[in-house]
1. Only residues that are modelled with pLDDT of 95 or more, farther than 23 Å from Ser212 by Cα and touching a strand residue (DSSP E or B) at 6+ places or on another chain (Cβ under 7 Å): list them for the stretch 86-119, please.
2. Restricting to the stretch 118-133, name every residue that is farther than 14 Å from Val98 by Cβ and open to solvent by 10 Å² or more (accessible area, probe 1.4 Å).
3. Examine the stretch 146-153 for a residue that is surrounded by 14 or more Cβ atoms within 10 Å (Cβ to Cβ) and either in a strand (DSSP E or B) or small (Gly, Ala, Ser) (or both), and state whether such a residue exists.
4. Of the residues Leu161, Leu191, only one is within 14 Å of Leu15 (Cα to Cα) and either modelled with pLDDT of 95 or more or touching a Gly at 6+ places or on another chain (Cβ under 6 Å) (or both); which?
5. Report yes if some residue within the stretch 12-25 is open to solvent by 30 Å² or more (accessible area, probe 1.4 Å), closer than 20 Å to Thr197 by Cα and either hydroxyl-bearing (Ser, Thr, Tyr) or in contact with a helix residue (DSSP H, G or I) (Cβ under 9 Å, 6 or more places away or on another chain) (or both); otherwise report no.
6. Looking only at the stretch 178-187, filter to residues that are of a type outside the set (A, V, I, L, M) and buried (at least 23 other Cβ atoms within 10 Å of the Cβ); which one of those is nearest to the chain's Cα centre (by Cα)?
7. For the stretch 192-223, how many residues are closer than 20 Å to Arg99 by Cα, in contact with an Asp or Glu (Cβ under 8 Å, 6 or more places away or on another chain) and either charged (D, E, K, R) or open to solvent by 60 Å² or more (accessible area, probe 1.4 Å) (or both)?
8. Restricting attention to the stretch 7-28, which residues are assigned to a strand (DSSP E or B) and acidic (Asp, Glu)?
Amino acid sequence: MMAARFDVDAVLFDLDGTLLDTVDDLHEAANRMLAELGRPLRTREEIRNFVGKGIPKLVERCLADPDVSAADFDAAVEVFRAHYRETNGSKSAPYDTVRETLDALKASGVSMGVVTNKAQDFAVPLLEATGLADYFGAVVCGGMLPNKKPAPDMLLHACELLSVGKERAIMVGDSGNDAQCAQAAGVPVLLMTYGYTEGVPVDTINCDGLLSKFAELPPLLGR
C-alpha cells in the first residue's frame, strides 16, 4: 500500500481495463470483423494489447495493413461497430472489488466520473449493462470533444461537469494513455496493474502510484 494520500473531491476513472474487463467482447467483435473481411484472426492477447485509443485505432492495429485505402479502412470500422453493438456488454464484468469500492466512495460523498476514448454509443450501454451507470455524475466519451486522451481536454471537461476544480481531482486508469492525459491536465494519476497497457509494462509508466486491486483506492483518498 502506498503511503501517499490525495486530498480530492472527485475521482475520474478510465473504463476498459480499469473499471471493466471488456476484452472478450472486443475480441469477439474484432474476429467477426476480420472474418467478414477475409483477414487473419487475432488472439485474445493481441486484442488486449490493441485496446486503449478508441475503435479506429483498434481496427487499424487489427488490420496491420499500411496499404489499406481510406475507404476500405472506414468500411472496416463500420463492420467492427456493427459486430460490437452485438457483443458489447455480453461478457464484460467489473474487476474484483470495483463495485464495493464505488459504493464506499459514493457513501463518502466523493464525486465520480468516467473518462474514456470509447464512443458514447458503446460506453453508456456498457455501463448500464454492467450496473455501474448510476455511480457516475459525468461520462465523457470519445467523440464528444475534438481531442481524445492522451490530450487533457476530456479529463478537464469531466471536472467541469462535476463542478470540481482539477486541483481537487485524481485520475485512475490503466495505461500510459491515462497517465499522459492526467499529467497534461495537471492532475495526479494512479494506475491499475491488471489493465490494458498497449503492451507497455505498467511499472515503467510514469504515474503517482500503482494499485493491484480497486479496494486499495479509498484509503489513499482524503477530503
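The values are calculated or read from the model by the stated rules, or taken from the named source; none is laboratory data. Keep in mind that what you see is a predicted model, and the values were worked out from it rather than measured. Here the Cβ is made from the backbone with ideal geometry for all residues, glycine too, and neighbour counts use every protein chain on show. Surface areas here come from the heavy atoms of the whole protein model, side chains and all, with no ligands, DNA or RNA. Shrake-Rupley method; radii C 1.70, N 1.55, O 1.52, S 1.80 Å.
1. Result: no residue meets the conditions.
2. To start, the set of residues in the stretch 118-133 that are farther than 14 Å from Val98 by Cβ comprises 118-125, 128-129.
Residues satisfying the conditions are Lys118, Ala119, Gln120, Asp121, Val124, Pro125, Glu128, Ala129.
3. Let us first name the residues in the stretch 146-153 that are surrounded by 14 or more Cβ atoms within 10 Å (Cβ to Cβ), namely 148-153.
Among the residues that remain, those that are also either in a strand (DSSP E or B) or small (Gly, Ala, Ser) (or both) are: 151.
For the stretch 146-153, residues surrounded by 14 or more Cβ atoms within 10 Å (Cβ to Cβ) and either in a strand (DSSP E or B) or small (Gly, Ala, Ser) (or both): present.
4. Details: Leu161 fails: within 14 Å of Leu15 (Cα to Cα).
Leu191 is the lone residue from the list that is within 14 Å of Leu15 (Cα to Cα) and either modelled with pLDDT of 95 or more or touching a Gly at 6+ places or on another chain (Cβ under 6 Å) (or both).
5. Start the filter on the stretch 12-25 by keeping residues that are open to solvent by 30 Å² or more (accessible area, probe 1.4 Å), which leaves 21, 24.
If we keep only those that are closer than 20 Å to Thr197 by Cα too, we end up with 21, 24.
Restricting the remaining residues to those that are either hydroxyl-bearing (Ser, Thr, Tyr) or in contact with a helix residue (DSSP H, G or I) (Cβ under 9 Å, 6 or more places away or on another chain) (or both) gives 24.
Within the stretch 12-25, one or more residues are open to solvent by 30 Å² or more (accessible area, probe 1.4 Å), closer than 20 Å to Thr197 by Cα and either hydroxyl-bearing (Ser, Thr, Tyr) or in contact with a helix residue (DSSP H, G or I) (Cβ under 9 Å, 6 or more places away or on another chain) (or both).
6. So in the stretch 178-187, the residues of a type outside the set (A, V, I, L, M) come out as 178, 180-181, 183, 186.
With the extra rule that they be buried (at least 23 other Cβ atoms within 10 Å of the Cβ), the set shrinks to 178, 181.
Numbers: Asp178: 8, Cys181: 12 Å.
The residue in question is Asp178.
7. Matching residues across the stretch 192-223 total 3.
8. Residues of the stretch 7-28 that are assigned to a strand (DSSP E or B), as a first pass: 7, 10-13, 16, 20-21.
If the condition is that a residue be assigned to a strand (DSSP E or B) and acidic (Asp, Glu), then Asp7, Asp16, Asp21 are the ones that fit.
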